[in-house]
Amino acid sequence: MSTELYVGGPIGWMAGEDSQVEVYDRVLETAADRPEKDSLPIVPDPASDHVDVDRRRRREDVELKHDRIRELLDRTGQDAVVLGRADSIAWFTSGGDLAQDYCSDNSSILLFINRNCRAVVADNVQSSRIFEEELAGMGFQLKERPWFDDPHRVVAELCHNKRVATDLSAEGCPQWRRALDPIRDLRRQLTPLERQRLRELGRTLTLAVEATCRNFDRGEREADVAGHLAHRLIREGVAPVDLRVASDDRLGRFRQPTFKAAPILKKATIAVTGRRHGLCASVTRTVSFGPPEDDFRANHTLAAMVDATCIFFSRPGEPIAEVFRRARRIYEKFDAPHEWTLDYQGVLIGYSPREALLTPDSPITLEPNMAVCWNPSVGSARSEDTIVVDSRGFEVVTAAQDWPQVEVAVKGYSLPRPAILER
């Protein structure tokens with residue numbers, strides 16, 4: 001691998017025979033791969049009076065979520081809700097980083113929510129950080145317990161003689177009713193704050209992926225490239241919850257490959273799902289060293305056409321089954337009628353990378369402010385971006401930034417889709 005030099009501030013040093021030269025770290029310092037504004041979530045000042053604009057917007061977002069819980073309680077005849085999954089709690093707390101460990105499904109706390117209050121059940125190890133860094137000024141009460149006590153005992157006392165819905169297993173608590181799907185349905189439509197956060201996340205994610213594609217060397221391993229991308233994301237406060245790098249034709253053999261030690265000799269497809277403030281977005285880009293093979297280019301174009309069709313028809317009131325029908329017609333028209341059966345075609349995305357898997361017979365009808373990720377593949381080619389269904393149509397939140405594009409015409413409307421980057 002050749003050594004690259006950096007003509008700027010010192011990043012690191014490489015000793016030579018007569019002098020030292022500055023080493024350019026292409027992961028730490030790469031032009032145009034970072035947002036103009038620092039996007040890393042800040043650590044709040046616990047001594048502040050909690051009236052700053054960002055804190056107020058987040059508090060309003062929590063109040064909106066509480067209103068949705070009240071509506072659920074009224075509709076189902078329940079008295080309270082207990083949340084214990086990390087994604088559920090990130091949603092209700094408007095982005096609280098409260099997972100038990102990095103990218104864990106389990107939360108480090110439990111939430112008890114009824115019509116009038118919201119209480120945090122936390123142990124004495126977690127409570128100070130939670131109320132200083134995560135939930136300061138958000139209107140939560142604390143029910144603290146020693147770390148060696150069973151958290152469910154505290155919750156059981158709060159739930160005594162009450163009908164309770166929960167996203168946890170209800171075993172051992174007969175008055176609890178597991179209600180994961182109804183609770184998850186509450187978060188399908190993004191709030192204004194969530195839409196803005198997803199827009200910012202999408203741009204950060206896209207910049208990182210595209211910079212990674214432009215700056216790795218031929219012959220590097222898939223795992224090396226995955227490491228470059230993870231580095232770029234983590235420094236921006238984005239957790240790479242799913243990261244896939246497929247070299248050459250591995251994507252054709254395995255439609256959902258993980259990164260391995262395989263060297264990248266001709267081309268690579270990089271797909272990533274990143275999470276920040278609890279919200280997830282996904283994006284895929286493909287890079288080729290030199291012109292790609294004709295078959296691969298044709299497959300990529302077809303995947304882009306299917307993707308553009310799905311995006312165009314992802315509008316309020318459109319049934320997912322109808323979007324699927326239109327996508328299948330494109331596959332059939334270009335002599336690839338069975339390609340859609342070989343890979344997942346799309347998901348609803350949000351506080352989980354897969355809020356719902358989209359299938360041909362899906363009962364879901366799209367509504368404004370739903371986040372959708374279509375990801376059709378043809379052979380070893382894939383096209384994927386994250387969009388939000390808008391009252392006026394759709395918004396692509398991971399739109400290409402510094403990337404070649406192909407224009408796809410759908411019903412007379414030209415919709416740009418990411419092409420293959422040739423290096």
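The values are calculated or read from the model by the stated rules, or taken from the named source; none is laboratory data. Here the structure is a predicted model, which means the values were calculated and not measured. Because the Cβ atoms are built from the backbone with ideal geometry, glycine has one as well, and the counts that use them run over all protein chains shown.
Evaluate region 272-291: report whether one residue or more is of a type outside the set (Ser, Thr, Tyr), surrounded by fewer than 21 Cβ atoms within 10 Å (Cβ to Cβ) and part of a helix (DSSP H, G or I).
no
Among the residues of region 143-161, what is the count of those that are more than 20 Å from Arg85 (Cβ to Cβ) and either surrounded by 14 or more Cβ atoms within 10 Å (Cβ to Cβ) or of a type in the set (S, T, N, Q) (or both)?
Counting residues in region 143-161 that are more than 20 Å from Arg85 (Cβ to Cβ) and either surrounded by 14 or more Cβ atoms within 10 Å (Cβ to Cβ) or of a type in the set (S, T, N, Q) (or both) gives 2.
What are the residue pairs meeting all of these: first residue in region 348-377, first residue of a type in the set (Val, Ile, Thr), second residue outside any loop (DSSP other than H, G, I, E, B) and surrounded by fewer than 20 Cβ atoms within 10 Å (Cβ to Cβ), Cβ atoms under 6 Å, and 6 or more apart or on different chains?
Note: pairs meeting the criteria are Thr365/Pro319.
Of the numbered conditions (1) among the aliphatic types (A, V, I, L, M); (2) under 21 Å from Arg75 (Cα atoms); (3) modelled with pLDDT under 90; (4) more than 25 Å from the chain's Cα centre (by Cα), Leu180 satisfies every one except a single condition; which is it?
(4)
Would you point out the residue of region 293-335, among those that are small (Gly, Ala, Ser) and assigned to a loop (DSSP other than H, G, I, E, B), that is surrounded by the fewest Cβ atoms within 10 Å (Cβ to Cβ)?
Gly317
Mind counting the residues in region 367-378 that are in contact with a helix residue (DSSP H, G or I) (Cβ under 7 Å, 6 or more places away or on another chain), buried (at least 20 other Cβ atoms within 10 Å of the Cβ) and not aliphatic (A, V, I, L, M)?
3
Six or more apart or on different chains, Cβ atoms under 6 Å: show the pairs whose first residue is in region 233-249 and over 17 Å from Gly379 (Cβ atoms) and in contact (Cβ under 8 Å) with a residue 24 or more places away in the chain and whose second is part of a strand (DSSP E or B) and hydroxyl-bearing (Ser, Thr, Tyr).
Val241/Thr273; Asp242/Thr273
For region 381-388, state whether one or more residues are farther than 25 Å from Glu200 by Cα, part of a strand (DSSP E or B) and not polar (S, T, N, Q).
Taking every residue of region 381-388 in turn, at least one turns out to be farther than 25 Å from Glu200 by Cα, part of a strand (DSSP E or B) and not polar (S, T, N, Q).
Within region 93-148, considering only strands (runs of 3 or more DSSP E) that don't extend past its boundaries, which have at least 1 residues that are basic (Lys, Arg)?
Fully inside region 93-148 and qualifying: 118-123, 141-145.
Scanning region 388-416 for residues that are among the hydroxyl-bearing types (Ser, Thr, Tyr) and closer than 27 Å to Tyr351 by Cα, which turns out surrounded by the most Cβ atoms within 10 Å (Cβ to Cβ)?
Thr398
Inspect all residues belonging to region 70-86 and state whether any of them is more than 22 Å from Ala156 (Cα to Cα) and assigned by TED's automatic domain parsing to the domain that holds Leu158.
yes
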